[in-house]
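Accompanying notes for the structure given below.
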Amino acid sequence: MTAADQQASAREYTTLDYEVTDRIALITIDNPPSRNGFNGTMRDELIAAAQRADGDDGVRAVVLTGRGKFFCPGADLSGGESTFDFTSEKHAESDETGELPTVDGHRRDGGGQVSLAFASMRKPMITAVNGAAVGIGATMTLPTDIRIASTEARFGFVFAHRGLVPEAASSWFLPRIVGITQALDWVYTGRVFDAEEARAAGLVSRVVAPDELLETAMDMARAIVDRASAVSLGASRQLLWSMLGASSPWEAHRRDSRLIYEMGQLADAKEGVQSFLDKRAPEFEMTVPKDYPQYLPSFPDADRID
């Protein structure tokens, strides 16, 4: 067996790699046969990796990236014209159990399952877009908190060119990130655009050289985890995302008031104050999920539809 074969056989996933360094989980999309194209296996593995990171007390932040020329150029279209026809014989044969998740009687969108898995996390998530991020490759990044891009990255919301609509809950996320006018521009035209246009519109926060991309993302993650309370990060992430749907600032005030009251009694809040008074770096010992109180905000689990 060659070294390459040994490495492949040792992988825990078939479409991505997962490793933890410095309390940061690095999820790398790596599916060479389809040039990182999205399929059912990648859907399941991204969800599993996200839930694994969220459930690991030793992980404080997550970085998502791709390997090679592409981040994820969209759905794997090798199935031909029936790729998106889930009533077709092709899909019936591939779905062995027949127990597919549904919502309102219809098969759930696989991209949406991934997006909701990312949204439900209690760990900060950074995406480092290394190359083409088109279709689901673009929409899956929207529930992540910070997106940075290589100068070689390209983005596209090409659904109208495939006779489809934006998926992965992007009709909720995209207008909130870039505004409705910019979102409709990209969705209507379906054009592929570069990293600088993405940055100017607020889709990504930073554009860096390809050889600096991953280290920049890891440095950002380290800066987050080195001095921040894991419980505070999780609560802040869920609070800010959930308040995008609040009807007024009074709803935020109501939630803030309880959280400040309850969290002020926790060990991390006491350590945060004492470390400031002592003029030293804080040593937060509370972890997520072990010490994440039930009253703190959270999105529903990825597999639950209200």
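Okay, here's what the table says:
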| read-out | value |
| --- | --- |
| Residue satisfying all of: in the range 164-216; of a type outside the set (A, V, I, L, M, F, W, C) and on the phi > 0 side of the Ramachandran plot; farthest from the chain's Cα centre (by Cα) among these | G190 |
| Residue within the range 209-224 that is without any contact (Cβ under 8 Å) to a residue 60 or more places away in the chain and among the hydroxyl-bearing types (S, T, Y) present | no |
| Residues within the range 164-182 that are in contact (Cβ under 8 Å) with a residue 24 or more places away in the chain and among the small types (G, A, S), tallied | 3 |
| Qualifying positions in the range 230-253 - loosely packed, with under 14 Cβ neighbours inside 10 Å and in a helix (DSSP H, G or I) | L240, L244, G245, P249, W250, E251, H253 |
| Listing of strands (runs of 3 or more DSSP E) fully contained in the range 129-221 that carry 2 or more residues being of a type in the set (V, I, T) and closer than 21 Å to L116 by Cα | 146-150 |
| Verdict on R199 being out of contact with any Pro (no Cβ under 6 Å at 6 or more places or on another chain), in contact (Cβ under 8 Å) with a residue 40 or more places away in the chain and over 21 Å from P73 (Cβ atoms) | no |
| Hits in the range 259-282 (condition: touching a helix residue (DSSP H, G or I) at 6+ places or on another chain (Cβ under 8 Å) and loosely packed, with under 10 Cβ neighbours inside 10 Å) | A281 |
| Test: residue in the range 238-251 that is of a type outside the set (V, I, T), more than 22 Å from L116 (Cα to Cα), out of contact with any Cys (no Cβ under 6 Å at 6 or more places or on another chain) and in contact (Cβ under 8 Å) with a residue 24 or more places away in the chain | no |
| Members of the range 57-71 that are closer than 26 Å to N39 by Cβ and either among the charged types (D, E, K, R) or assigned by TED's automatic domain parsing to the domain that holds F284 (or both) | R67, K69 |
| Unique match (being surrounded by 15 or more Cβ atoms within 10 Å (Cβ to Cβ), polar (S, T, N, Q) and in the same structural domain as D56 (by TED's automatic domain parsing)) among S150, S171, S205 | S150 |
| Filtered residue count, the range 120-163, keeping only those that are closer than 14 Å to F38 by Cβ, over 10 Å from the mean Cα position of the chain (by Cα) and of a type in the set (V, I, T) | 3 |
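The values are calculated or read from the model by the stated rules, or taken from the named source; none is laboratory data. Note that the structure is a prediction, hence the values are computed from the model and not measured. Positions of Cβ are generated from backbone atoms using ideal geometry, with glycine treated the same way; all protein chains shown enter the neighbour counts.
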